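K.L.:
Below you'll find the structure I mean.
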Amino acid sequence: MDKLPLLTLIAFTPLLGALVLLFVPKQQGRLIKTIALIATLIPLVLAAALYAAYQASGDPVQFKEMYSWIKIPLNKEGLEQITSFFFEFKYNLAVDGLSLPLVFLTALVSAMAALASFHIKKRWKTFYICFLLLETGMFGVFMAQDLFLFFLFFEITLVPMFFLVGIWGYLDREKAANKFLIYNGIGSAIMLIAFLIIVATVGFTMTQTNNEVILSYSGDIHQIAHNLFQDPNAFVNQAKPNNPFFMSDTMKWTVFLMLLVAFGIKLPIFPFHTWMLRVHTEAPPSIVMIHSGILLKMGAYGLIRFGVLFFPAQAKEAALLLGILGVINILYGAALAVVQREFKLVLAYSSISHMGVVLLGLAAFNTSGLQGAVFQLVSHGLISALLFLLVGSIYERTETTELGALGGLAKSIPFMSGILLIAGMASLGLPGLSGFIGEFLAFVGMFGTYKAVAAVGALGIILAAVYVLRGVLSITFGPIAAQYAGIRDARLVEAIPMITLVAFILLLGIYPSVLSEPLQQTISGMDQLLHSAAGHIGG
Amino acid sequence: MANDFTSYAWLVPLFPLLAFLVLIAAGRQLREAGAYISIVAMLASFVLALLIFFERLGHTTDYTWNQLKWLTIGDFQLNMGFEVTNLNALMLVIVTLVSLLVNIYSKGYMHGDERVNVFFSYIQLFSFAMLGLVISVNVLELYIFWELVGVCSFLLVGFWYFKPEARAAAKKAFIVTRVGDVGLFLGMLLLFWYMPGHSLDFSAIHNAFSQGKIDPSIATWIAILVFVGAMGKSGQFPLHTWLPDAMEGPTPISALIHAATMVAAGVYLVARTMDIFQASPDAMLVVAYVGGFTAIFAATIGTAQNDIKRVLAYSTVSQLGYMMMALGLGAATAGIFHLFTHAFFKALLFLGAGSVIHAVHTQDIREMGGLAGKMKITAWTFAIGALALSGIVPLSGFWSKDAILSAAFEHNQLLFWVGLIAAFFTAFYMARLFFLVFAGKPRSDAHAHESPAPFTFPLVVLAVLAVIAGFVFTPFNGWLGHWLGDHAEAETANWTVMILSTLAGLLGIGLGYVMYGKNSVSRDIVAGNAPWLYTLVYRKYYIDELYDVVFVRGLRLIGKAFELFDIYIVDGIVRLCSAAVVGIGRLGLRLQNGQVQTYGLATLLGLLILALALAGRRFFHLG
C-alpha cells in the first residue's frame, strides 16, 4: 500500500472516467451511467482503504505525495551570493485527520449522488463528464498541501458546477447558476489575493547549506506553517525596516479577514448566504447532494486550514465574533426555515443553521469544539445528502416539494417516508444519529469558552425540532391527496443509497469513535498550535 | 453478595431491541407472530429484571460497569456502560412488568390494524430506550436514551399518522419536551465543565455533590437546568400541555408511556441526581413548588374534561406533580414510592379506559353510562384503580400519597394544604368519571360487552398490584425506604395526615356521587352559577391559546420578518451591487459610440490625469 499513490488514484479516477466517457456515444445512456458509477465507486473503495490504513497515532500528515511541478527561476541580479532564486509550484497531496474524513465523505456522497443522478432526463454524457470533473476537484481540494494546487482544484469545482446547475436545473436554473458563479468568483478572487500575499511574504524562504544559499517562494502549507510558527529567523517574523517579507499584525488581520470572507461565502456565513438558497432550489437534487453535502464543507475546511491555522492569534481574537456569527447563522437560518413553504428551502435554511454549529465549534478554540466542528461537517454532509436524495426521489413522483401540496405520503411510500423521518431526526440532532455528536461536542466546546453565546445558540436545538417536524410531517403525515395514492415506493437503485447513508449516519451516532480516533492527533496538534501561538503573540 | 444476574443487567434492554430489529426487518411477513415475538422478548426482560431485583434485595452497594469506549475528547475519554442500584432495579421491574402487560393487552387492542407489527416494533424500541435510560451509567447516556424515548413517544402518539390531530399532537409532544431537553442539555454541559475530571458518571456526581466539592451557586444552576428537562418529560407546569394532547395515540401507549413509564422519567431523573438538588436548597424549593402547583392545577382541569383519556391524562400530570413535590421536600422515597404505585393504578385506569373505548367506540364520557353491568371485570378493576388513585385506605395510592403528605406536613404547611385540596379534586374527578361511565343508564345505543382475555388479564394483574403494592412502605413498615438507602424517612404514623387525607378523598368521592351518581345535586351547579369559572377550567386556563399566540405565532412573525429582511435587505444589497456593476458597464458601453470627438475627449482626460499624477508624485517626493 505504501508504494501506491493512493491519493492520486482516488483524486483522478473520476477524471479518468470522464475521459473514457468522451469516447462513448451519447445515446448509450446505460453504458454512460455504468461507467460513471464505476468511476465513483472505485474512489469510494480506495477511500475506505485509505481510512482503514490511516494510522491514528504518529505524524497526522500521511500518504504524502510530492513532486516539483513548475519551478520558475527568478531574477537574482544583484544577489551575487545567492545560488538560486525561484518560485516553486508543487504537486503536493497528503491527508491528515481533518481531511481524511472529508475525503471519505466526498467519495461516499459522490457515489450516492451518481446513483441518484439516474433520474436525470437529458444529456447524460455531458452531465456525467461534468459530474466526474467536479468530483476530482473536490478530492483535490481536501488533499492539496500547496496553496496554488488548492486554488486550482477549488476553481475546478466551480466550472462543472456552473453547468450542472445551469443546464440540468429547474426553471430558474440559469439565474441560479449565474449567481453561484458570481458569488463564488468573488470569493475565489479574494482568496487568490490572500494566497498571493501569503506566498509573497510567508512563502519566502532562505535555505542556507554549506556553500549554497537558496531563496524560494513556495505555497507549500507545511513550509508556510514552519516559517510562521517554528522558525523565528524566517523573514516573515523579522520586524525590520526594508523587509518586504515581514507580516505586520495589520497585514495578518487583513489577510485573515479576506480568508474569512472568501470561505465565509462558501460556508456560507450570514449575510453571504443568499446564493446558496437558489442553488438549493434550482439545481437538480443529486447535484444539491454534492453541493450541500460537500461543497459547503470546502468553505469550512478552507477557513480552518488557512484562516485559523495560519493566523491563530487573529482567529482567537476574533473568536467571539466567530461565535456570534455562528449563533446568528444558527438562529437566523432556523427562524427562516420555520416559515418556508418549499421543502427545499427549509433544508437550505437548515443548512445555514447547521453550518452555524461549525462556526460555534471553531470559535470555542478547544479540542472539543474543533472536534465538534469536524463531526458536524461530516454529519451534515451525510444528512443533507440523504435529504436531497429523498427530495429527488419524491419530486420524481409528485412533481412538487411544496409543503402545502403534499401530505400523507407515508401511506403510499412508507419506506421513503421512514427514511425521511430518520433523516429529519438526524438533522434535528437526535442522539443515536450522527447529528447529535457534532452538536454536542460543539456546544460542549463553546460552553467552556463563552457560556452565554452557547446558551443562546442552544435555542436552535428547539427551533430545529420545529422546522424539521413541520417539514417532514407535512409531507408524510396527515390525509393523503388522491393523486399521490398510487405512487410507488423506492426502487432498488434508490433504496441502496438511502440505506447506505442511513447506515453511516447510524454508525457515527452510535459509535463516534470511528471518527474521533483518527482525528485525535490532528486536533491536539491544532489545539497546541492555537494555544501556543495565541499565547506568545496575543498574551 | 453475588452479582450473578446483576452483571447481566445490560441484557434487559437488549431483548426488546432484538425484537425491534426482527419486527422492522420482517414485519410484514410475520403477521400474527409479531405480537408473540414482542411478548416473549418482554417476558424475558421481565424475568431477568425480577431475578436482578431479588438478587439485590440484600444489597446496598451499586454495581457499575463503564468500560465501553465511546468518544474521545482531547485527553478525556467518555465511556458508556450500565449501573444497577436498588432504585434502578426497582425501575427495571416496573417498566418491564407494565410493558409486558401492555404488550399482551395490545395484542387484543390493536388486532386488525394493518400496521400492527409497526406498532409492536415501536413499543419494543420504546422499551429498549426506557430500560436503557434506567440503567444508564452517566448523564450523557441517560440523555441519549431520554431523547430516544421521546422519539418513540412521538412515533406512537402519531401512530395513526393520517389523522391531522395525531400529527399535531405528535409534533407538539416532541417540541414541548424538547424545550425541556435543552435545559437538561445545558445542565449536562455545565456538569461537564464543573465536575472534577469532566466526569458525567452518576457515581462521580454523587461523590462530588454530596461532599460539597461544587460551588452551591453552580449546583443551583445545574439543578434547575436538569429540572427543566424533568419538567418537560414529566409534564410539569408550564411544560405540561403536550401530555393531554398525546392521548391521540393508541390507548395502550397512553398507559405505558404517558402514564407509567416515560413521563415518570423526569421524576426518576431528579431522584437519580438527588445529590445535585440537595446541594442547593433553592433548587429544592423550586422543585417542590412547581410540583405542588402542577398537582393542584392539573387536578382542577381534570374535573371539567369530557374525554375519558384526557381526564386521566390531567390526573397523570397532577400525580407527577405530587411526586416532584415529594422530591423537592427531600422525601425521595415518598416520590419514588408514589411513582411505583402510580405506575400500576394509572396503567390500570388507562387500560380500563381502553377496554371501555373498545366497547363503545367513543371517548366522550357524556355518551357512556351504565357499563358496569355489561363489563363487570372492567368496571371492578377500574373501580379499584379509581379508589387507589383517590387515596382510599388500604389501597396502594393511599400509602404513597400519605407518605408525600406527611413529608409536606412536616416541612411545608402550605404545600401540605395544596396537596390535600388536590387530593380532594382527584377523588372528585375520579368519582365523576366512574359514575358517568359505569353507573346510570346508557346514553348511547352501542352494544357494549366485556372485552376478551388479552384485555382483562392485564387489568386483573394490575388491579391486584394496585391493591397490594402499597404495603412495601407504610408508616408501619419502612422497608422500601431502607432498601433505597434513604434513612431520613420518618416511620412514625402521622394520624392527622391520614385522617385528613382520607376525609379529603371521601369528600371528593361523596360529592362526585351526589352529582353524578345520584344526581341529587345539579351537575351544572358551577357552569350555571359561575360560567366564567367553568369555562376557564374547561379551556384549561387558556394555556394552549396563550402559547399559540406568544410562541407559535411569535415565532412565525419573527420568521416572516427575517424572510422580508433576507429578501429585501440582504439580497437587496447583493442586487444593488450587481446593478451597480451593470450600470458601470453600460456607462462604458456608452463611451464606445463611434464618435471620434468622444474618444478624443476621453484620451485628453486620461492624459491630464496621468500628467497630474506624475507631477504630484514628483512634488511629494521632493517635498
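K.L.:
Restricting attention to the range A:362-378, report how many residues are among the small types (Gly, Ala, Ser) and away from every other protein chain (no Cβ under 12 Å).
P.N.:
2
K.L.:
Now a separate question. Conditions first: (1) facing chain B (nearest Cβ under 9 Å); (2) open to solvent by 10 Å² or more (accessible area, probe 1.4 Å); (3) part of a helix (DSSP H, G or I). Residue A:452 passes all but one, so which condition is the exception?
P.N.:
Residue A:452 satisfies all of (1) facing chain B (nearest Cβ under 9 Å); (2) open to solvent by 10 Å² or more (accessible area, probe 1.4 Å); (3) part of a helix (DSSP H, G or I) except (1).
K.L.:
Could you tell me which of the residues B:134, B:149 is under 17 Å from the mean Cα position of the chain (by Cα) and more than 30 Å from residue A:413 (Cα to Cα)?
P.N.:
On the way: B:149 fails: more than 30 Å from residue A:413 (Cα to Cα).
Of the residues listed, the single one that is under 17 Å from the mean Cα position of the chain (by Cα) and more than 30 Å from residue A:413 (Cα to Cα) is B:134.
K.L.:
Also, I was wondering about something else. So in the range A:217-274, with the set limited to residues that are within 30 Å of the chain's Cα centre (by Cα) and among the small types (Gly, Ala, Ser), which one is most open to solvent (accessible area, probe 1.4 Å)?
P.N.:
Result: A:225.
K.L.:
Looking at this structure, is residue A:459 farther than 21 Å from residue B:221 by Cα and either within 11 Å of chain B (Cβ to nearest Cβ) or not β-branched (Val, Ile, Thr) (or both)?
P.N.:
Here the answer is no, as residue A:459 does not meet what is asked.
K.L.:
Return the pair list, or none, for Cβ contacts closer than 7 Å from residues in the range A:260-288 that are away from chain B (no Cβ under 12 Å) to residues that are basic (Lys, Arg), at least 6 apart or on different chains.
P.N.:
Taking only residues 6 or more apart or on different chains, the pairs are A:280/A:344; A:281/A:344; A:282/A:173.
K.L.:
A further question on this structure: Within the range B:186-197, count every residue that is facing chain A (nearest Cβ under 9 Å) and closer than 16 Å to residue B:71 by Cβ.
P.N.:
The total comes to 3.
K.L.:
Which of the following residues is over 30 Å from residue A:400 (Cβ atoms) and modelled with pLDDT of 90 or more: A:534, A:452, A:503, A:464?
P.N.:
Criteria check complete, one pass: A:452.
K.L.:
Is one or more of the residues making up the range A:478-487 farther than 24 Å from residue A:117 by Cβ, facing chain B (nearest Cβ under 10 Å), touching a helix residue (DSSP H, G or I) at 6+ places or on another chain (Cβ under 9 Å) and not in a loop (DSSP other than H, G, I, E, B)?
P.N.:
No.
K.L.:
Taking only pairs six or more apart or across chains, which ones have beta-carbon atoms under 9 Å, a first residue in the range B:165-183 that is farther than 17 Å from residue B:238 by Cα, and a second residue that is β-branched (Val, Ile, Thr) and open to solvent by 10 Å² or more (accessible area, probe 1.4 Å)?
P.N.:
The qualifying pairs are B:171/A:466.
K.L.:
Filter the range A:258-273 down to the residues that are in contact with a Phe, Trp or Tyr (Cβ under 8 Å, 6 or more places away or on another chain) and of a type outside the set (Phe, Trp, Tyr) and list them by number.
P.N.:
Passing the criteria: A:259, A:261, A:264, A:265, A:268.
K.L.:
Another one. Provide a single number: the residues in the range B:285-313 that are assigned to a helix (DSSP H, G or I), open to solvent by 10 Å² or more (accessible area, probe 1.4 Å) and touching a residue at least 60 places away in the same chain (Cβ under 8 Å). Walk me through it before giving the result.
P.N.:
Of all residues in the range B:285-313, those assigned to a helix (DSSP H, G or I) come to B:285-302, B:308-313.
When the remaining residues are screened for being open to solvent by 10 Å² or more (accessible area, probe 1.4 Å), the result is B:285-286, B:289-290, B:293, B:296-297, B:300, B:310.
Pick out the ones that are also touching a residue at least 60 places away in the same chain (Cβ under 8 Å) and you get B:286, B:289-290, B:293, B:296-297, B:300, B:310.
Final tally of qualifying residues: 8.
K.L.:
Related question: Would you confirm whether any residue within the range B:539-550 is part of a helix (DSSP H, G or I), within 14 Å of chain A (Cβ to nearest Cβ), open to solvent by less than 70 Å² (accessible area, probe 1.4 Å) and not aliphatic (A, V, I, L, M)?
P.N.:
Yes, there is a match, as at least one residue in the range B:539-550 is part of a helix (DSSP H, G or I), within 14 Å of chain A (Cβ to nearest Cβ), open to solvent by less than 70 Å² (accessible area, probe 1.4 Å) and not aliphatic (A, V, I, L, M).
K.L.:
Hey, another quick one. Go through B:517, B:505 for me and flag whichever is at pLDDT 90 or above, closer than 30 Å to residue B:400 by Cα and open to solvent by less than 70 Å² (accessible area, probe 1.4 Å).
P.N.:
B:505
K.L.:
Next question, about the same structure. Is the range A:393-407 home to any residue that is touching a His at 6+ places or on another chain (Cβ under 7 Å) and more than 30 Å from residue B:187 (Cα to Cα)?
P.N.:
Within the range A:393-407 (the criterion being touching a His at 6+ places or on another chain (Cβ under 7 Å) and more than 30 Å from residue B:187 (Cα to Cα)), the answer is yes, since at least one residue qualifies.
K.L.:
Can I ask one more? Here is a check on your reading of the model: is residue A:473 free of Cβ contacts under 8 Å to residues at least 60 places away in the same chain, open to solvent by less than 30 Å² (accessible area, probe 1.4 Å), at the interface with another protein chain (Cβ under 9 Å from one of its Cβ atoms) and of a type outside the set (D, E, K, R)?
P.N.:
yes
K.L.:
For the list (1) assigned to a helix (DSSP H, G or I); (2) of a type outside the set (Lys, Arg); (3) open to solvent by less than 20 Å² (accessible area, probe 1.4 Å), I need the number of the one condition that residue A:415 fails.
P.N.:
Only one criterion in (1) assigned to a helix (DSSP H, G or I); (2) of a type outside the set (Lys, Arg); (3) open to solvent by less than 20 Å² (accessible area, probe 1.4 Å) is unmet by residue A:415, namely (3).
K.L.:
Moving on. Does the range A:418-433 contain any residue that is farther than 19 Å from residue B:167 by Cβ, surrounded by 21 or more Cβ atoms within 10 Å (Cβ to Cβ), at the interface with chain B (Cβ under 9 Å from one of its Cβ atoms) and in contact (Cβ under 8 Å) with a residue 12 or more places away in the chain?
P.N.:
Scanning the range A:418-433 turns up at least one residue that is farther than 19 Å from residue B:167 by Cβ, surrounded by 21 or more Cβ atoms within 10 Å (Cβ to Cβ), at the interface with chain B (Cβ under 9 Å from one of its Cβ atoms) and in contact (Cβ under 8 Å) with a residue 12 or more places away in the chain.
K.L.:
I'm checking my understanding of the structure. Among residues of the range B:54-72 that are touching a residue at least 40 places away in the same chain (Cβ under 8 Å) and over 27 Å from residue B:472 (Cα atoms), which one is nearest to the other protein chains (Cβ to nearest Cβ)?
P.N.:
B:66
K.L.:
Which condition does residue B:117 not pass, out of (1) touching a residue at least 60 places away in the same chain (Cβ under 8 Å); (2) away from chain A (no Cβ under 13 Å), if it passes all the others?
P.N.:
Of the numbered conditions (1) touching a residue at least 60 places away in the same chain (Cβ under 8 Å); (2) away from chain A (no Cβ under 13 Å), the odd one out for residue B:117 is (2).
Residue-by-condition table, conditions (1) surrounded by fewer than 20 Cβ atoms within 10 Å (Cβ to Cβ); (2) more than 30 Å from residue A:508 (Cα to Cα); (3) within 14 Å of chain A (Cβ to nearest Cβ):
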| residue | (1), (2), (3) |
| --- | --- |
| B:4 | yes, yes, no |
| B:7 | yes, no, no |
| B:16 | no, no, no |
| B:40 | yes, yes, no |
| B:46 | no, yes, no |
| B:92 | no, no, no |
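K.L.:
At the interface with chain A (Cβ under 9 Å from one of its Cβ atoms), in contact (Cβ under 8 Å) with a residue 60 or more places away in the chain and open to solvent by 10 Å² or more (accessible area, probe 1.4 Å): is that true of residue B:107 in this structure?
P.N.:
no
K.L.:
Please state which of the following conditions residue A:319 fails to meet, knowing it meets all the rest: (1) under 13 Å from the mean Cα position of the chain (by Cα); (2) away from chain B (no Cβ under 11 Å).
P.N.:
(1)
K.L.:
Please enumerate the residues belonging to the range B:355-381 that are open to solvent by 20 Å² or more (accessible area, probe 1.4 Å), in a loop (DSSP other than H, G, I, E, B) and either within 24 Å of residue B:249 (Cβ to Cβ) or in contact with a Lys or Arg (Cβ under 6 Å, 6 or more places away or on another chain) (or both).
P.N.:
To start, the set of residues in the range B:355-381 that are open to solvent by 20 Å² or more (accessible area, probe 1.4 Å) comprises B:358, B:361-364, B:366-367, B:372-374, B:376-377, B:380.
Remaining after also requiring in a loop (DSSP other than H, G, I, E, B): B:361-363, B:372-374.
Across the range B:355-381, the qualifying residues are B:361, B:362, B:363.
The values are calculated or read from the model by the stated rules, or taken from the named source; none is laboratory data. No experiment lies behind these values; they were computed from the predicted model shown. So basically every Cβ, Gly included, is an ideal-geometry build from the backbone, and we count neighbours across all protein chains shown. With ligands, DNA and RNA removed, areas are computed over all heavy atoms of the protein, side chains included. Shrake-Rupley method; radii C 1.70, N 1.55, O 1.52, S 1.80 Å.
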